[in-house]
1. Give me the pairs, please: first residue somewhere in the stretch 10-27 and on the phi > 0 side of the Ramachandran plot, second residue anywhere and assigned to a loop (DSSP other than H, G, I, E, B) and at pLDDT below 95, beta-carbon distance under 6 Å, and either six or more positions apart or on two chains.
2. Being assigned to a loop (DSSP other than H, G, I, E, B), in contact with a helix residue (DSSP H, G or I) (Cβ under 8 Å, 6 or more places away or on another chain), at pLDDT 95 or above and basic (K, R) is the filter here, so list the residues in the stretch 134-170 that pass it.
3. Starting from the stretch 86-108, keep only residues that are farther than 27 Å from L69 by Cα, then list their pairs with residues that are part of a loop (DSSP other than H, G, I, E, B) and polar (S, T, N, Q) whose Cβ atoms are within a distance under 6 Å, requiring at least 6 positions of separation or different chains.
4. Please enumerate the residues belonging to the stretch 140-160 that are on the phi < 0 side of the Ramachandran plot and either surrounded by fewer than 17 Cβ atoms within 10 Å (Cβ to Cβ) or of a type in the set (S, T, N, Q) (or both).
5. When the stretch 111-128 is examined, which residues are found to be farther than 17 Å from D80 by Cβ and outside any helix (DSSP H, G or I)?
6. Kindly list, by first and then second residue, each pair from a residue in the stretch 113-140 that is more than 21 Å from V78 (Cα to Cα) to a residue that is in a loop (DSSP other than H, G, I, E, B) and charged (D, E, K, R), limited to pairs with Cβ atoms under 8 Å and residues at least 6 apart or on different chains.
7. Can you tell me which residue in the stretch 1-54 is modelled with the highest pLDDT, limited to those that are part of a loop (DSSP other than H, G, I, E, B) and among the acidic types (D, E)?
8. Could you list, ordered by first residue, the pairs with Cβ atoms under 6 Å in which the first is in the stretch 35-56 and over 23 Å from I221 (Cβ atoms) and the second is of a type in the set (G, A, S) and in a loop (DSSP other than H, G, I, E, B), at least 6 apart or interchain?
Amino acid sequence: MTRRVIDLSVPIETGHFRWTVERRLLKSHDTPGSYTQATWIGWPIHGFSHMDAGRHFQPGGQTTSDIPLDRCIGSAVVLDLTEAQENAPIPTELIERAGADLREGDIALLHTGWDRRASISEPRFWDTAPWMAAEGCRFLRSRGIKAVGFDFPQDRCIRDFVTGARKPALEENTTHVELLLHGITMMEYLCNFGAISRPRVEFVALPLSIPDCDGAPVRAIAIES
């Protein structure tokens, strides 16, 4: 059986205007007495491709220790939302049409192609993106999905966090309120959904084993076979 693996993860690189990435050599082959190279790296949990746990938005909510790994693995439907307009909510009708084949227990991958229209390392990615409305989230919830992945900054208010213009109210974090706090695992800042050639694939986004945390970095892949 032929198998194709597609990387859906944003590279963790220094120089991002929003997320500070600290990367340095602890020792190198040029270090006297060393025959190895070892790198230290640090960055925010909620930067780059990552998984949210309920604790991110809810005191006493689920942490990474509470989320079974099988919620991060499974059959995924790629929802073609590439008709979504920039700087506007994604129409619920478009989500309903694209998600017609969603079944209970599926993972929904929301493909706007925004990562190909703007670089995640540039302000435009954040301040002109489409976003999810509550009605679209409720449709996804009604289909019984267990997880969802986004290739765009999915809440409109994210741009306000980025610019620091204001502090949005809790309810403005639409996907977090309508999906995450209803037990749906969220994978944020994924990419490359456009490289997936089939409407249904196997999806894997395993979080790093960081106990009792509000989220964790993931390496997300799609498998076509």
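The values are calculated or read from the model by the stated rules, or taken from the named source; none is laboratory data. Note that the structure is a prediction, hence the values are computed from the model and not measured. FYI the Cβ positions are ideal-geometry reconstructions off the backbone, even for glycines, and counts take in every protein chain you see.
1. Close Cβ pairs (under 6 Å, with a partner that is assigned to a loop (DSSP other than H, G, I, E, B) and at pLDDT below 95) do not exist here.
2. The answer is K146, R156.
3. Once the first residue is farther than 27 Å from L69 by Cα and sits in the stretch 86-108, its partners that are part of a loop (DSSP other than H, G, I, E, B) and polar (S, T, N, Q) give E86/T128; N87/T128.
4. At the first step, the residues of the stretch 140-160 found to be on the phi < 0 side of the Ramachandran plot are 140-143, 145-160.
Residues satisfying the conditions are R141, S142, Q154, D160.
5. Step one: filter the stretch 111-128 for residues farther than 17 Å from D80 by Cβ, giving 118-128.
Across the stretch 111-128, the qualifying residues are A118, S119, I120, S121, E122, T128.
6. Filtered contacts from the stretch 113-140: S121/E13; W126/R18; T128/E86.
7. E13
8. Pairs that qualify, where the first residue is over 23 Å from I221 (Cβ atoms) and the partner is of a type in the set (G, A, S) and in a loop (DSSP other than H, G, I, E, B), are Q37/S28; G54/G61; R55/G61.
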